[in-house]
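One structure below.
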Amino acid sequence: MSDNPNHQRFQAAYEGKPPWDLGRPQPAFVEVADQITGSVLDAGCGTGDNALFFAQRGQLVVGIDLVEFPIMEARRKADDLGVTAEFVQMDALKLTGLDRRFDSVIDCGLFHVLSDEDRRPYVAGLAHVTKPDGRVFLMCFSDEEPQNRGPRRIRQDEIRDAFSEGWIIESIKPTQFAPSPQSKGKFGDGGPRAWFAVIRRVRDRPRPAGAGGGRLY
């Protein structure tokens, strides 16, 4: 059993049809697909719709999720589509244990379920797996969503604070999660309001000869 407190909650959600399981990629990621280049890690991939979209574009894709069932379903979808993608059951709070580096990381609805305490190891893990000058594309519930359903709301400054060291926030723009059939009518027209952030990993600054340990600026 995972020690992640979210494990039991998400496992229970997948006993039915979770509201975030759209059955197709989120349009916000499709719209910026040309910016999501190279190898891709989907952190919190669910049943794989976003990851498989990029795999169908010919990119090397790895999806991770905390719960076993969505990983199994993502693998089944990949087989049905005849595309190559790797899906691994893994806790996104333990990305520092993943010996892989990616050009792009996508996060569709994971950041907003994390506690304040869990953000630190998550962002540290993202720094570990994102190549220098690589980008994280993060979509999360927005504090501008007026309905009180769904996960916690995230303010722009919370995103900026979480990625304040070793990253550059290139943009944070308002968007909306496309609603699933189960969630239609529970939010405003077009689905829950969200932020879509593009965050670039800063390169290591070269160390002067004879210098000791360094850090990212």
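Read the figures in this text as sums done on the coordinates, not as results from a lab. If you're wondering where the values come from, they're calculated on a predicted model, not measured in any experiment. All Cβ positions, even for glycine, are placed from backbone atoms using ideal geometry, and neighbour counts span all protein chains on display.
For Thr130, the residues whose amide H sits under 5 Å from its own are Phe102, ignoring neighbours fewer than 5 places away on the same chain, with H placed 1.01 Å from N. In order along the range 160-167, the phi-based Karplus estimate (6.51 cos²θ - 1.76 cosθ + 1.60, θ = phi - 60°) of 3J(HN,Hα) comes to 4, 5, 5, 10, 7, 10, x, 9 Hz; Gly and Pro are listed as x.
At 37 °C and 0.692 mPa s, grab the translational diffusion coefficient of the range 7-178 from Stokes-Einstein with a Kirkwood Rh over Cα pairs, rounded to a whole number in µm² per second.
Numbers: Rh = 16.3 Å.
After rounding, the answer is 201 µm²/s.
Computed from phi, the 3J(HN,Hα) profile of the range 94-109 under the Karplus parametrisation 6.51, -1.76, 1.60 (θ = phi - 60°) reads 10, 5, 5, x, 9, 8, 9, 10, 10, 6, 9, 10, 10, 10, 10, x Hz, with x in place of Gly and Pro. Between Leu60 and Asp143, the contour length at 0.36 nm per residue exceeds the Cα-Cα span by 26.5 nm. Counting beta carbons within 10 Å around each of Thr130, Thr37 and listing the fewest first gives the order Thr37, Thr130.
Summarising the label geometry, the points placed 7 Å from Cα in the beta-carbon direction at Met72 and Ile169 lie 4.1 nm from one another.
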